[in-house]
Amino acid sequence: MIEIRALRIEDYDALIALWNAAGLSHRPRGRDRREHIARELAGGCSIFLVAVDDGRIIGSILGTHDGRKGWINRLAVHPDYRRRGVGTRLVHEVEQRLEEMGIDIVTCLIEDWNEDSQAFFTALGYVRHDDIHYYSKRKGPEV
Ligand SMILES: CC(C)(COP(=O)(O)OP(=O)(O)OC[C@H]1O[C@@H](n2cnc3c(N)ncnc32)[C@H](O)[C@@H]1OP(=O)(O)O)[C@@H](O)C(=O)NCCC(=O)NCCS
């Protein structure tokens with residue numbers, strides 16, 4: 001029975017291990033460092049969930065919103081658990097919680113090469129926008 005629950009900071013090492021196993025790009029020296037995630041959890045603005053099988057963290061998702069739009073980040077399912085609906089459950093849980101907060105649009109950014117993720121989000125009803133380019137301004141390459 002796979003349970004979905006809130007991430008706790010004690011899960012941090014298992015979370016990073018999951019992201020490495022899943023091949024999810026992340027920023028361990030930037031916004032994914034332990035202190036940053038602890039701050040995010042304490043701040044109460046994030047929906048940071050994990051999927052757990054018999055105590056083992058096998059999936060993750062981070063939902064956020066800026067008051068207008070919801071964002072999905074850090075979605076990962078361990079390779080041993082894929083195509084069993086875990087990713088769908090994680091996304092649906094975040095969508096539902098965002099909806100309860102009055103957020104009517106949920107978005108995500110997917111790298112061009114990540115065809116699996118594109119197929120996944122398409123299957124869940126997300127629409128691709130080829131006319132939008134992602135711009136960012138950052139304090140350094142690690143953030
Ligand atoms: C993307 C990811 C989270 C999907 O998780 P998952 O638990 O396997 O997804 P689900 O089982 O809920 O899949 C739901 C549907 O999405 C589609 N789908 C999922 N993975 C797919 C793939 N590799 N290729 C094609 N379609 C896929 C299918 O339609 C699938 O339904 P089906 O299995 O009945 O055909 C997982 O592949 C992953 O962790 N990838 C690496 C990390 C990553 O890229 N994260 C996203 C960053 S933007």
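Brief remarks follow.
- Counted charge near Met1, where neighbours are those whose Cβ lies closer than 11 Å (Asp, Glu -1; Lys, Arg +1): -3
- Extension gain (nm, one decimal) between Glu3 and Asn20, 0.36 nm per residue minus Cα-Cα: 4.0 nm
- Dimensionless Rg over Rh [the chain; C-alpha; Kirkwood]: 0.93
- Computed about its Cα centre, the charge dipole of the stretch 2-123 is approximately 260 debye, with only Lys, Arg, Asp and Glu carrying charge at their Cβ.
- At a probe radius of 1.4 angstrom, the accessible area of the chain per residue rounds to 66 square angstrom.
- Here the label points at His133 and Arg97, each 7 Å from Cα along the C-beta direction, are separated by 3.5 nm in the simple model.
- Share antiparallel - DSSP beta bridges, the chain, percent rounded to 5: 85 percent
- Proximity of backbone amide H atoms, modeled 1.01 Å from N, is registered between Gly70 and Ile105, Val106, Thr107 at under 5 Å, excluding neighbours fewer than 5 places apart on the same chain.
- DSSP loop chymotrypsin sites (Phe, Trp or Tyr not before Pro) with at most 14 other Cβ within 10 Å: longest gap in the chain: 1-112
- Rounded percent of accessible protein surface that carbon and sulfur make up, the stretch 28-75, 1.4 Å probe: 45 percent
- Highest-MSF residue in the chain out of Ile132, Ile57, Ile47 [GNM, Cα springs under 10 Å]: Ile132
- Calculated [222 nm] ellipticity per residue, helices only, for the chain: -9500 deg cm²/dmol; basis is -39500 (n - 2.57) per DSSP H run with n ≥ 4, divided by all residues, nearest 500.
- Rough spin-label spacing in nm, given labels placed 7 Å along Cα→Cβ, for Asp116 and Arg84: 1.5 nm
The values are calculated or read from the model by the stated rules, or taken from the named source; none is laboratory data. In this text, all values refer to a predicted model and were calculated from it rather than measured experimentally. For neighbour counting, all protein chains shown are included, and Cβ atoms are generated from backbone atoms with ideal geometry for every residue, glycine included. We work out accessible area using only protein heavy atoms, side chains counted, and drop any ligands, DNA or RNA first. Shrake-Rupley method; radii C 1.70, N 1.55, O 1.52, S 1.80 Å.
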